[in-house]
Every structure is written in C-alpha cells, then in structure tokens.
Amino acid sequence: MRVLVTGGAGFIGSHVSRTLLAEGHDVTVLDNLSRGRRDLVPEGVAFVEADLANEAATEQALRGHDAVIHLASFLEVAVSVAQPVLFAENNIVNSVRLLEAMRRAGVGKIVFSSSATVYGVPKSLPLRESDPLGMQANPYGATKVAVETFLGVYRTRYDFDCTIMRYFNPYGPNELCEPESHAVPNIVRGMLEKRPIPVYWQGQQLRDYVYVEDLARAHIAPLEQSGFHVYNVGTDIGTKVADIIETVSRIVGYDAQIDDLGERPGDVEASYASSEKLRMELGWAPQVDLEEGLRRTIAHYRERLGIRE
Ligand SMILES: NC(=O)c1ccc[n+]([C@@H]2O[C@H](COP(=O)([O-])OP(=O)(O)OC[C@H]3O[C@@H](n4cnc5c(N)ncnc54)[C@H](O)[C@@H]3O)[C@@H](O)[C@H]2O)c1
C-alpha cells in the first residue's frame with residue numbers, strides 16, 4: 001500500500017515509517033520540520049517538506065497514495081495553555097485542511113493519532129473505548145477531541161475509512177520534546193546527566209507506558225480496515241513514575257536525586273488502558289516490557305548525549 005505519514009520526521013512518526021517500510025509498504029513522509037528532524041526519516045522513505053497549512057502542496061503530495069497516517073501536530077500541553085489559538089490552528093484547522101486535500105486527491109483512508117487525554121479524568125479504570133469523552137483541562141486535549149469529531153463528519157458525509165488510535169504514554173528513542181515534558185526522557189536524561197529529577201506528586205501518579213516500536217506496529221493492521229474504528233493503545237499496566245525512577249536508577253547504577261515539585265493542579269492521578277479491543281480485533285499485543293524498553297531508551301540517550309558508562 002502507498003501510505004503518506006504526516007509528521008513522519010517526529011518521534012512516533014519516524015518509528016511508524018520504519019515499521020511500514022519493514023512491512024513492505026511504500027512510504028512518503030510529509031513534515032514541515034517545525035519540530036521533526038530530516039535525519040529521523042528512514043532511508044527508503046520519500047520525503048516532502050511541506051506544511052499542512054498549504055493545502056495545494058498537501059494535495060499534490062497525496063496524489064497516488066492509498067492511505068494517510070496523520071501524526072503531525074503540536075503537543076506540549078503547557079504551550080497549548082499559553083497559545084491556544086496556535087494549537088487550534090495547527091492541530092484542528094490543519095487537520096481539516098488535510099481531510100479536504102485528501103478528498104480532492106481521492107484518498108479516503110486515515111489513521112489518526114489521538115490520545116488518552118480525550119477521556120478527561122477517568123471515572124473508572126482501565127479506560128475503555130466505550131467510556132465517554134471527558135471535559136478537557138487544556139487546549140491540546142481539546143484539539144484531539146475536535147479532530148476525532150471531524151473524522152466522524154468525513155465518515156458520515158464522504159464515507160472515509162477512519163481509525164482513531166488513542167495513545168497512552170509512548171516512550172523510547174527519538175523523542176523530541178525540548179524541554180522534556182514527559183516522564184521517561186526527563187528521568188533518563190536527568191539520571192545520565194546526574195541532575196536532580198523534577199517530580200510531581202512524589203512520583204505516585206499511575207501511567208501506562210507503551211514502547212514506541214510496539215505503538216508503531218499498531219498502525220499497520222488498521223490500514224486493511226474499512227469503516228470507523230477507535231482503539232486504545234497501551235499495555236494495560238499502570239506504573240508509578242517512582243517505579244520508573246527506581247528502574248532507571250538500577251539500570252544506570254546511579255542514585256537519583258529528586259527535585260520535589262509538589263502537586264500540579266489539573267493532573268490526572270491515574271490512567272491506564274484496556275487495549276483488549278485492539279488485541280481481539282487486530283491481534284496486536286505489546287512485545288517490549290518496561291524494563292527492556294527503558295534499557296533501549298537509556299542506550300539511545302547515552303548515544304545521543306555522548307555519555308558513556
Ligand atoms: N508523544 C506522546 O506522548 C503522544 C501521546 C499521545 C498522542 N500523541 C500524538 O502523536 C502524534 C505524534 O507525536 P510525537 O510525539 O511524535 O510528536 P513530534 O513533535 O515528535 O512529531 C510531530 C511532527 O509533526 C510535524 N508537524 C507539526 N505541525 C506540522 C504541520 N503543520 N505540517 C507538517 N508537519 C507538522 C513536526 O515537525 C513533527 O515532526 C501527535 O499527533 C501527538 O499529539 C503523542
């Protein structure tokens with residue numbers, strides 16, 4: 001299949017592109033490199049440097065493709081609070097521009113990167129796709145809900161095949177967030193650089209950490225589906241941030257220093273998935289456990305930061 005990956009020069013997109021290639025697909029990455037890096041696009045993948053805001057360029061890039069995996073967006077929650085208009089434009093309006101360009105180019109299949117954030121504060125755990133969407137605490141989450149809703153419109157009106165993937169907490173090599181706002185890169189980098197690790201809620205929050213290569217594999221089977229589908233992508237295991245710190249500390253052989261930042265309003269206390277639907281319907285299951293995933297992530301950051309044993 002000929003697949004166009006928006007945001008394919010970013011963290012998750014780089015792994016998705018590599019996985020698609022390995023599965024024998026023809027892959028084009030479209031990315032404006034606002035966050036992504038050209039060198040993260042794997043060899044053998046066609047690259048188009050374009051902004052989704054440019055509908056004509058997107059339409060031209062789309063011609064001849066069978067499907068789109070749409071990952072391009074901004075994602076730093078704190079920035080979304082400071083600049084909601086920027087997020088609404090890049091994440092919502094540019095997604096609608098992409099859908100319109102797809103319609104004109106005759107490409108009617110899309111897989112979209114959504115997030116567990118759409119559930120808001122969980123009423124029960126694990127979170128299931130049948131749970132209602134919750135009130136959003138920041139503009140980033142609101143953009144995911146909005147794009148999910150637009151996909152429903154394109155399904156209803158134009159018969160698009162749409163798959164919504166609600167990621168839990170992806171981690172692994174190639175993560176770009178600077179400054180790091182995600183727990184795993186924060187902990188791994190802090191520990192390797194022997195800096196105190198900023199920790200909220202004394203590390204007691206529960207999250208569902210999914211290794212990025214496992215997450216990337218979850219995008220393959222939906223390409224064969226038609227209709228409208230929603231899947232959680234997580235490991236179904238809730239892990240405390242404190243446990244990540246302990247594991248990384250053991251692997252690196254260094255006692256972590258903690259910078260206790262207390263409580264952070266708006267944070268969800270616990271969130272983890274039921275990925276049963278993805279397992280049952282598409283046969284996906286995570287293969288890399290947390291210990292192994294952290295080892296690989298640490299090895300990546302050692303290389304990237306030039307820090308040896
Ligand atoms: N990383 C996470 O923890 C996480 C969790 C849940 C959902 N997601 C979603 O997964 C997707 C990928 O996230 P990521 O962590 O790989 O982010 P990332 O920043 O590494 O990658 C996003 C890519 O999109 C590109 N991009 C942004 N706006 C663009 C535009 N207008 N035109 C073209 N390219 C554009 C950036 O240059 C970047 O390469 C996003 O939609 C994100 O919201 C990520």
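The values are calculated or read from the model by the stated rules, or taken from the named source; none is laboratory data. All values reported here derive from a predicted model rather than from experimental measurement. Note: ideal-geometry Cβ built from the backbone for every residue, glycine included; neighbour counts use all protein chains shown.
Taking the stretch 161-175 as the range and being farther than 26 Å from GLY120 by Cβ and away from the ligand (no atom under 12 Å from the Cβ) as the test, only ASP161 passes.
Of all residue pairs spaced 6 or more apart or on separate chains, those with beta-carbon atoms under 6 Å, a first member in the stretch 189-217 that is in the same structural domain as ILE258 (by TED's automatic domain parsing) and small (Gly, Ala, Ser) and a second member that is at pLDDT below 95 and surrounded by 19 or more Cβ atoms within 10 Å (Cβ to Cβ) are GLY190/ILE197.
Picking from GLY283, GLY190, which residue would you name as being closer than 24 Å to ARG18 by Cα and over 19 Å from the mean Cα position of the chain (by Cα)? Result: GLY283 is the single residue among GLY283, GLY190 that is closer than 24 Å to ARG18 by Cα and over 19 Å from the mean Cα position of the chain (by Cα). Once the stretch 115-151 is narrowed to residues that are in contact with a Phe, Trp or Tyr (Cβ under 7 Å, 6 or more places away or on another chain) and small (Gly, Ala, Ser), the residue that is farthest from ARG279 (Cα to Cα) is GLY134. Could you please find all residues in the stretch 193-237 being over 24 Å from TYR301 (Cα atoms) and either of a type in the set (Gly, Ala, Ser) or in a helix (DSSP H, G or I) (or both)? Residues satisfying the conditions are TRP201, GLN202, ALA218, ALA221, PRO222, LEU223, GLU224, SER226, GLY227. I need the full set of residues from the stretch 35-69 which are more than 9 Å from the ligand (Cβ to nearest atom) and part of a helix (DSSP H, G or I), in order please. Of everything in the stretch 35-69, those that are more than 9 Å from the ligand (Cβ to nearest atom) and part of a helix (DSSP H, G or I) turn out to be ARG38, ASP39, GLU55, ALA56, ALA57, GLU59, GLN60, ALA61, LEU62.
Right, TYR254: aromatic (Phe, Trp, Tyr) and either under 30 Å from PHE160 (Cβ atoms) or outside any loop (DSSP other than H, G, I, E, B) (or both) or not? No, not satisfied. What are the pairs with Cβ atoms under 9 angstrom where one residue, in the stretch 20-33, is assigned by TED's automatic domain parsing to the domain that holds LEU215 and more than 9 Å from the ligand (Cβ to nearest atom) and the other, located anywhere, is assigned to a strand (DSSP E or B) and of a type in the set (D, E, K, R)? Sequence gap at least six, or different chains. Correct list of pairs: LEU20/ASP26; HIS25/ARG2; ASP26/ARG2; VAL27/ARG2; THR28/ARG2. Exactly one residue out of VAL107, VAL111 is touching a His at 6+ places or on another chain (Cβ under 9 Å) and assigned to a loop (DSSP other than H, G, I, E, B), and it is VAL107.
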